[in-house]
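Structure record follows, encoded as structure tokens.
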Amino acid sequence: MIYSSAVAVATSIRPQAFTAKSCTGDYVKRLLLSCFVAATCLGTAELPAASPGPLPPPADRELARAIFKELIEINTTHNYGSTKAAEAIQSRLLAAGFSRDDVNVIAPPEHPSKGNVVVRYRGMGQGRPVLFLGHLDVVEAKAEDWSVDPFKLTEKDGWFYGRGSIDMKDGDAALVETSIRLRREGFVPHRDVIVALTADEEAGGDANGPAFLLKEHRDLIDAGMAINLDDAGGALKNGERLYFRLGTSEKIYATFTLETTSPRGHGSLPGPDNAIYRLASGLGRLGAYKFPVMLTATTRASFEKLADLEPGPESPGMRAVARIPSDLAAAERLSQIVRFNAQLRTKSVVTLISGGHAENALPQRAKATIQCPLIPGDTAEHVQTALISALNDSKISVTLDAPRVVCA
Ligand SMILES: [Zn+2]
């Protein structure tokens, strides 16, 4: 998961934790329902009132939970793929009366396990469709790193535990259940609504669902408006609604390989040049490097609003950062909080490292992978220059080695 930096109301950052409060699930679901209805009525009807609506009927809440559980318990990490989850959703929608023509499971022929499910909810044809976008895949989860089984939905003390419980099988379940409920209630939107739940968002690989659908099946998802539910949602505090987060853009990331070499030799005769030491020293300098603060109109608005919506010790700093010109000292203080730091600047993080080839031989090569989520407006070329400068060692090469992929 990559954090989106630019949000309209407040931070779009989600914790990489595994919890989602059960009451939040209901709340998000209701908001999604409102969002679903509002989006389909745009330009032709009033938006729903901002006041909380009633909870969905108990049977729908149960169904949402059942779908959520089913999705959590289907492993959709990169190695397993998302086709089984897509098919599970297809089965539920067909059972609920959706036409087979309107519920398609499609995978790239060369990646059959990376299935996407695309649902068309038929409207009156008054305007181009609205597309709701989500992803089915999840980040790898090793059981030994978890206190509970990551692929089993566990409800404990009012919280849900399970891989994907907040990113984003909660949103997927809400969309599927909302579609089922609206159909049952006879709701006919002015325009078609498309729900596309896709593959390979987390890995951002060549089976990336939206990219594949745009290239090969654009007719299925072509829309006048797209709403990406990843990394948006309502915030609650003590049961009170605080705000609803909206993203205005997504971070992209750039991946770089650092590489350095040194002379071969037996481990008993070490010389002054050692690829691993050299790379480690460079990484130490890189770890201490901070990219400059880059604020966008959205992040300014986000800090300004958040200062009021979640008053606390950081509020004055948020307001100072939101002003033009920004108070950079306040930005540095705010940067101590990880989620705010991610909104303030491009980041670099070392994620993989390798080096050497035998325990008794001098290393001839050392490599590291650096991933950089970019603040909107920043460029991979600028980041590459900054990395080279921060490493400050001409013997460490810096290569941009992955396509820049939009991520959420
Ligand atoms: Zn996500």
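We did not get these values from a lab; they are worked out from the coordinates using the rules stated. These figures come from a predicted structure and were not determined experimentally. Backbone-built Cβ (ideal geometry, glycine too); neighbour counts: all protein chains shown.
Numerical summary
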| read-out | value |
| --- | --- |
| Cβ-placed point charges (K, R +1; D, E -1), dipole of the chain about Cα centre in debye, nearest 20 | 520 |
| Most mobile of LEU328, LEU229, LEU269 in a GNM of the chain (Cα contacts under 10 Å) | LEU269 |
| Alpha-carbon centroids, the range 209-249 and the range 253-298: separation in whole Å | 37 |
| Spatially proximal lysines relative to LYS395 (Cα-Cα < 21 Å; intrachain offsets below 8 disregarded) | LYS367 |
| Gyration tensor (alpha-carbon) shape descriptor, the range 297-342, a/c threshold 1.5 | rounded |
| For the chain, built as a Gaussian network whose Cα springs stay under 10 Å, the top-fluctuating residue of GLY317, GLY81, GLY239 | GLY239 |
| Gyration tensor verdict on the range 61-118 (Cα atoms; rounded if a/c is under 1.5, prolate if a/b is larger than b/c, oblate otherwise) | oblate |
| Where Rh is the Kirkwood radius over Cα pairs, Rg/Rh for the chain | 1.01 |
| For the chain, built as a Gaussian network whose Cα springs stay under 10 Å, the top-fluctuating residue of LYS305, LYS84, LYS215 | LYS215 |
| Exposure rule at most 12 other beta-carbon atoms within 10 Å, DSSP loop GluC sites (Glu not before Pro): the chain longest free segment | 186-358 |
| Cα-Cα over 19 Å, subset of LYS69/LYS152; LYS114/LYS215; LYS142/LYS347 | LYS142/LYS347 |
| Those chymotrypsin sites (Phe, Trp or Tyr not before Pro) in the range 218-262 that DSSP places in a loop and that have at most 16 other beta carbons within 10 Å | none |
| The range 108-168: trypsin sites (Lys or Arg not before Pro) falling in loop per DSSP and having at most 14 other Cβ within 10 Å | LYS142, LYS152 |
| Largest-first ellipsoid semi-axes for the range 176-227, taking √(5λ) over the Cα gyration tensor eigenvalues, angstrom | 26, 14, 8 |
| Sum of -39500 (n - 2.57) over DSSP H runs of 4+, divided by residues of the chain (222 nm, nearest 500) | -10000 deg cm²/dmol |
| Mean separation of Cα contacts under 8 Å (6+ apart) over length of the chain, as relative contact order % | 23 |
| Reciprocal mean inverse distance between Cα atoms of the range 307-408 - Kirkwood radius, Å | 16.7 |
